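Note sheet for the following structure.
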Amino acid sequence: VLRNGSLAPAWRENTIRSFQAAAASGATFVEFDVQVTADGVPVIWHDNLVEYGDPTRPTQCAVADLTAAEFQALGSLSASGKCQQLAVVRRFRRAAPAGAGDLGGVDVPAASRQRWCCEADDGFPTLEQLFSSLPPQLAFNIEVKMATPDELAFTPEAEIQRMLGPILEVVGRYGGDRQVVFSCFDPDVCRALRAAQQQHSVMFLSTGGRDWHADPRRMSIAAAIDEACSHALSGVVVDSGALRMWPEAAERARSCGLKLLTYGLENDSIEWVLCQQRMGVTGVIVDDMQGLMAVLGRAGREGGGFEKHSATQQVLAAMPGMSGARNARVVSAVV
C-alpha cells in the first residue's frame with residue numbers, strides 16, 4: 001500500500017497477527033523464515049540483518065548476535081497490547097498495486113531506510129509461539145534462513161547444527177499432527193534436514209543462478225534438480241525468471257519425480273502464472289493475489305485453475321502430489 005510515497009503494508013510480515021489473518025482468509029499453509037538467536041531460540045525473521053534505531057544511521061546486527069529477549073524487545077508490545085513505535089527500520093524497494101489487472105510492481109526508491117510502519121503492528125514471535133498460537137490445521141512451510149555470506153561455498157557443520165538443533169527440537173516438541181514442510185537455499189542444510197528426520201518434506205530453494213554464489217549447486221536450476229534428486233528431497237523452489245529462461249526444467253523435474261515451485265517478481269504476471277500451470281509447475285508464489293485469484297477463480301469455473309483460494313499478501317498453490325499433503329490441492333500464504 002503506497003500512501004504519500006511511503007510503503008505501509010496492511011500487516012507486519014512474519015507476525016502472529018499476519019498468520020492469523022491468513023488462516024482466517026482461507027489459507028491452508030503459511031510460509032516464514034526461521035533464524036536462531038545467540039541463546040538458541042528459533043525466531044521468525046526474514047532479513048540477514050536486523051536494522052534499528054535512527055533510519056539515517058541505523059545499527060545493524062545479525063539475529064545470531066542477539067538474545068531472544070533483545071530481538072523481541074525491538075518489536076515489544078505496550079501494556080495495552082498496542083505496539084510502541086518500533087525501532088526496526090527497513091529499505092522498501094517495491095509495492096504491488098491492488099486490482100485484478102496488470103500486477104506489475106511500482107518501484108519504491110531504495111536509497112534510504114524508513115521506519116517499518118504497518119496498519120496492523122505486532123511483536124516478533126518465536127517459532128514456539130507460532131505453534132502455540134495458530135490453529136493446528138494450518139500447515140507450516142518453514143524456511144531455514146542461513147545468513148552466511150555468498151562467498152562462502154560451504155557452510156560450516158557447526159553453524160548448520162547450531163541452526164537445525166533448536167529448530168528441530170521445537171518442531172518435534174510442538175509440531176504434533178501439523179503438516180510441516182522445510183526449505184532452504186543451502187543444499188547442505190537440506191541434506192541435514194533430510195538425514196535428521198523423515199516425517200516432513202524438504203525442498204531445495206534456488207535462485208537458478210540469478211544471484212551469484214560460490215557454491216555451484218546454487219548456480220542453476222539443473223544443478224538444483226540434480227541435488228534434490230540425489231538426496232531424496234521432495235522438490236525444488238526456483239526463481240521464476242530463471243525458469244522462464246529454461247522452461248524445460250519443468251519436464252526435467254517431473255521426470256525425476258520432484259515437485260517444482262517458483263517465486264519471484266516475474267510471478268506478478270498473471271499470464272506467466274497461467275503458463276506455468278500449463279507447464280506442470282507444482283505451485284507459485286505471487287506478491288498480490290487478489291487480481292490473480294480473480295483470474296484463477298474464473299479459470300476454475302471454466303474447468304482449470306487452482307481449486308482453493310486465499311486473500312492474503314502472497315500465495316503458494318501446491319498442486320497434487322506434495323509429499324505429506326492432506327488435501328489434493330492446497331494454498332499457502334507467505335506473510
Whole-Å semi-axes of the stretch 196-274's equivalent ellipsoid, largest first, each the root of 5 times a Cα gyration tensor eigenvalue?
20, 15, 12
What is the gain in length, in nm to one decimal, between Trp212 and Glu251 on full extension, counting 0.36 nm per residue of separation less the C-alpha to C-alpha distance?
11.6 nm
Qualifying chymotrypsin sites (Phe, Trp or Tyr not before Pro) in the stretch 169-215, DSSP loop, other Cβ atoms within 10 Å at most 13:
Trp212
Rounded to whole angstrom, the alpha-carbon centroid of the stretch 199-246 lies from that of the stretch 271-285 at a distance of 17
Considering every Cα-Cα pair within the stretch 113-188, what fraction, in whole percent, is farther apart than 22 Å?
41
How much of the calculated P(r) for the stretch 129-244 lies past 25 Å, in percent of all Cα pairs?
23
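Each value in this text was obtained by applying a stated rule to the coordinates, not by laboratory testing. Treat the numbers as computed from the prediction; the structure is a model and nothing was measured. When we count neighbours, we look across all protein chains shown, and the Cβ atoms used for this are built from the backbone with ideal geometry, even at glycine.
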